[in-house]
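Below: the structure, in structure tokens.
The values are calculated or read from the model by the stated rules, or taken from the named source; none is laboratory data. Since we're looking at a predicted model, the values are computed, not measured. We place every Cβ from the backbone using ideal geometry, glycine too, and count neighbours over all the protein chains shown. Accessible surface areas use protein heavy atoms only, side chains included; no ligands, DNA or RNA. Shrake-Rupley method; radii C 1.70, N 1.55, O 1.52, S 1.80 Å.
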Amino acid sequence: MRVGHGYDAHPFADADASGRILVLGGVRFPGELPLVGHSDADVVAHAVIDAMLSAAGLGDIGTQFPDSDERWRGADSIEMLRQVSALLAEGGWMLANADCTVICDRPMIAPHRDQMQERLSCAAGGPVTVCGKRTEGLGVSGGIVAHAVALVVAGRQQ
Ligand code: MG
């Protein structure tokens, strides 16, 4: 078995960012300030993806989904996570579990935690847990940050 760590951060978009919606862990938050990114800027999914890829020794999100590639413009990060799960399976790895901490003052994560965990777990092919933490005035006010760890086990196919 192997462990991997993932980190991601995306800045908030301008209030008038047309067409963008905040997405965290595959859950949409209309009315909240959206994040800037090449894909849907889902920092939670991205941190989990990096943790899984690192654990399996498969590079990182930038090598698998380069932001120079127009295929990933506005991409659904849950679909990217599903592809990462398939990459792991091809390499003989399976996700034992992943855990992600989201750092933001808004939105409140707890009311949406179950839904995020369900969407992430379904796409990742193993249990993914999510914990929301506020910045307690220390900053990170310009965007949202997420950290994740993933444990993968060898020898089992999906
Ligand atoms: Mg990202």
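Using just the alpha carbons, could you tell me how many Å³ per residue the convex hull of region 40-105 encloses?
For region 40-105, the hull spanned by Cα atoms encloses 88 Å³ per residue.
Taking the Cα atoms of region 90-146, what is the range of coordinates along each of the three principal axes, in descending order and whole Å?
So the three principal-axis extents are 43, 23, 14 Å.
Return the FRET efficiency for the residue pair Phe29, Asp67: r is the Cβ-Cβ distance, R0 is 25 Å, and the value is rounded to the nearest 0.05.
FRET efficiency, Phe29 to Asp67: 0.65.
Grab the DSSP H runs of the chain that are 4 residues or longer, score each as -39,500 (n - 2.57), total them, divide by all residues and round the 222 nm result to the nearest 500 deg cm²/dmol.
-8500 deg cm²/dmol
Given labels modelled 7 Å from the Cα in the Cβ direction, how far is it in nm from Asp60 to Met108?
A separation of 3.4 nm, rounded to one decimal place.
Counting alpha carbon pairs within less than 8 Å and at least 6 residues apart, what relative contact order, in whole percent, applies to region 2-154?
RCO, region 2-154: 33 percent.
At 1.4 Å probe size, with the rest of the protein present, what percent of the exposed accessible area of the chain is carbon and sulfur atoms?
51
Specify, per residue and in Å³, the volume enclosed by the convex hull of the alpha carbon atoms belonging to the chain.
Per residue, the Cα convex hull of the chain comes to 98 Å³.
Give, rounded to the nearest 20 debye, the magnitude of the charge dipole that the chain has about its Cα centre when Lys and Arg contribute +1 at Cβ and Asp and Glu contribute -1 at Cβ.
About 400 debye.
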